[in-house]
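Below is one structure, written out as structure tokens, with a few remarks after it.
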Amino acid sequence: MRNILITGGAGFIGSHVVRLFVNNYPDYNIINLDLLTYAGNLENLKDIDDKPNYTFVKADICDYDAVVDTFSRYKIDGIIHLAAESHVDRSIKDPFSFARTNVMGTLNLLQAAKSYWEGNFENKLFYHVSTDEVYGSLGNEGFFSETTAYDPHSPYSASKASSDHFVRAFYDTYGLPIVISNCSNNYGSYQFPEKLIPLFINNICNNKPLPVYGKGQNVRDWLYVEDHAKAIDVIFHKGKLGDTYNIGGFNEWKNIDLIKTLIKVVDRFLGREEGASEKLITYVKDRAGHDFRYAIDASKLKNELGWEPSLQFEEGIEKTVKWYLENKDWVKNVTSGEYQKYYKEMYE
Ligand code: NAD
Ligand code: DAU
């Protein structure tokens, strides 16, 4: 029996990680700690929330007492830390909330784990889930490896880089057993429609403009979210203490090419003429400090732990579009209220 704390489990990736652990490890108690910010939604977990090995705790990772209380109440011996502010555009408007949650929140969790486990780090693990954005931006050539120097450009990536440094500092200074993974762009079900793919699916359905930043030439490396969750499972169980693993899709797309592919798939599902929605493409002012290209070399994870993506992009994008079209109520719920204000400020 293990008691595993998953932070941010009501968010996009976190909900897939919680589902995978609850279903695959009936012997583990999974405790999902989440503040339920605009990005967190318990609807994401309604298929598993009555399982006996699942518990939800509503708390802020920045609230040290609440975190310490959760560690002792549930006798936590492992943590997978995903809770974060995660959207680059929001970090440009409000960098402080990113420093608070991503840096101070992570430090709180590290300190709570260290103090609760003090003296006995055996069979304990602090797993920090991070991003490839800490490595900065690539030109047309090359890949990020685990030894690429950190060079963050956005307040979001700076806050994630800072949290990575704190995690490593706790390993070097106190011997806290840690592991870190840095992943590329995820896509799939339950992603909040502020990120490129779900935002554009929703806009195509509603015949709204598709706001392409700059000339649409930036490149991202896309990974299906369930493959990320599987990689987290493998690293949690087999990763080497103190190590970092890069996770990527071996799947680079120029934004504009990805958008045109997405349009084709959504148009087909909607019974529109293929490509008809290309007329919605609208080039808008570029994102400030917009990183040109991310591309992950995930060969360490493949060679050492045997993980590689299971899904081809074509299949992943079909499944994703289908999910959004079949879950219009979910989309409607998360895009009412505060989202409308965000959308107006951001795009109108
Ligand atoms: P998300 O924004 O969908 O979810 C974040 C979750 O954290 C939400 O449930 C939210 O309620 C919770 N949260 C936020 N602040 C909190 C706080 N103070 N206390 C407790 N809970 C809080 O994010 P995501 O896209 O699922 O990303 C999850 C993690 O993976 C993040 O750490 C992110 O940096 C990392 N990551 C994301 C991607 C991606 O493509 N989305 C890629 C690589 C790494
Ligand atoms: O690389 C991993 C990162 O991927 C994660 O750490 C972040 O949490 C996640 O949000 C994502 O960051 P990006 O900034 O790459 O994702 P986003 O979906 O916001 O944007 C993808 C690309 O699409 C990027 O080049 C900006 C562009 N874009 C985005 C939006 C929202 C547009 O052209 N128009 C848009 O409206």
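The values are calculated or read from the model by the stated rules, or taken from the named source; none is laboratory data. Given the structure is predicted, the values throughout are model-derived calculations rather than measurements. A quick note on method: Cβ atoms are made from the backbone with ideal geometry, for glycine too, and the neighbour counts reach across all protein chains shown. Note: areas computed on protein heavy atoms with side chains; ligands, DNA, RNA excluded. Shrake-Rupley method; radii C 1.70, N 1.55, O 1.52, S 1.80 Å.
Brief remarks on what is shown
- Any pair with Cβ under 7 angstrom, 6 or more apart, that starts in the stretch 139-151 at a residue that is open to solvent by 50 Å² or more (accessible area, probe 1.4 Å) and ends at one that is part of a loop (DSSP other than H, G, I, E, B): 143/295; 143/297; 151/136
- Index of the failed condition, residue 232 passing every other in (1) within 15 Å of ligand 2 (Cβ to nearest atom); (2) surrounded by fewer than 18 Cβ atoms within 10 Å (Cβ to Cβ): (2)
- Residue that is farthest from residue 158 (Cα to Cα) [pool: residues in the stretch 108-146 that are part of a loop (DSSP other than H, G, I, E, B) and touching a helix residue (DSSP H, G or I) at 6+ places or on another chain (Cβ under 7 Å)]: 124
Every residue, every condition in (1) out of contact with any strand residue (DSSP E or B) (no Cβ under 8 Å at 6 or more places or on another chain); (2) open to solvent by 30 Å² or more (accessible area, probe 1.4 Å), yes or no:
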site: 53; (1), (2): no, no
site: 58; (1), (2): no, yes
site: 69; (1), (2): yes, yes
site: 81; (1), (2): no, no
site: 87; (1), (2): yes, no
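- Filtered residues of the stretch 290-348 (kept if under 20 Å from residue 232 (Cβ atoms), touching an Asp or Glu at 6+ places or on another chain (Cβ under 8 Å) and assigned to a loop (DSSP other than H, G, I, E, B)): 294, 298, 309, 310, 311
Okay, residues lined up against (1) more than 6 Å from ligand 1 (Cβ to nearest atom); (2) within 22 Å of residue 108 (Cα to Cα); (3) out of contact with any Ser or Thr (no Cβ under 9 Å at 6 or more places or on another chain):
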position: 3; (1), (2), (3): yes, yes, yes
position: 8; (1), (2), (3): no, yes, no
position: 11; (1), (2), (3): no, yes, no
position: 20; (1), (2), (3): yes, no, yes
position: 31; (1), (2), (3): yes, yes, no
position: 35; (1), (2), (3): no, yes, no
position: 38; (1), (2), (3): yes, yes, yes
position: 44; (1), (2), (3): yes, no, no
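- Looking across the stretch 12-45 at every residue that is over 25 Å from residue 185 (Cα atoms) and part of a loop (DSSP other than H, G, I, E, B), the one that is nearest to ligand 2 (Cβ to nearest atom) is identified as 25.
For every residue, the table says whether it meets (1) buried (at least 17 other Cβ atoms within 10 Å of the Cβ); (2) among the charged types (D, E, K, R); (3) out of contact with any Gly (no Cβ under 8 Å at 6 or more places or on another chain).
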| position | (1), (2), (3) |
| --- | --- |
| 259 | yes, no, no |
| 290 | no, no, no |
| 296 | yes, no, no |
| 314 | no, yes, yes |
| 333 | no, no, yes |
| 336 | no, no, yes |
| 348 | no, yes, yes |
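- The single condition among (1) part of a loop (DSSP other than H, G, I, E, B); (2) in contact with an Asp or Glu (Cβ under 8 Å, 6 or more places away or on another chain); (3) surrounded by fewer than 17 Cβ atoms within 10 Å (Cβ to Cβ) that residue 9 does not satisfy is (3).
- Among the residues here, residue 199 qualifies as crowded, with 20+ Cβ neighbours inside 10 Å and free of Cβ contacts under 8 Å to residues at least 12 places away in the same chain.
- Qualifying residue in the stretch 294-314 (condition: over 25 Å from residue 38 (Cβ atoms), in contact (Cβ under 8 Å) with a residue 60 or more places away in the chain, touching a Cys at 6+ places or on another chain (Cβ under 8 Å) and not polar (S, T, N, Q)): yes
- Selection from the stretch 163-193 of residues that are within 14 Å of residue 130 (Cα to Cα), more than 12 Å from ligand 1 (Cβ to nearest atom) and not β-branched (Val, Ile, Thr): 165, 166, 168
- Unmet criterion (only one of (1) over 25 Å from residue 327 (Cβ atoms); (2) touching a residue at least 40 places away in the same chain (Cβ under 8 Å); (3) not basic (Lys, Arg)) for residue 96: (2)
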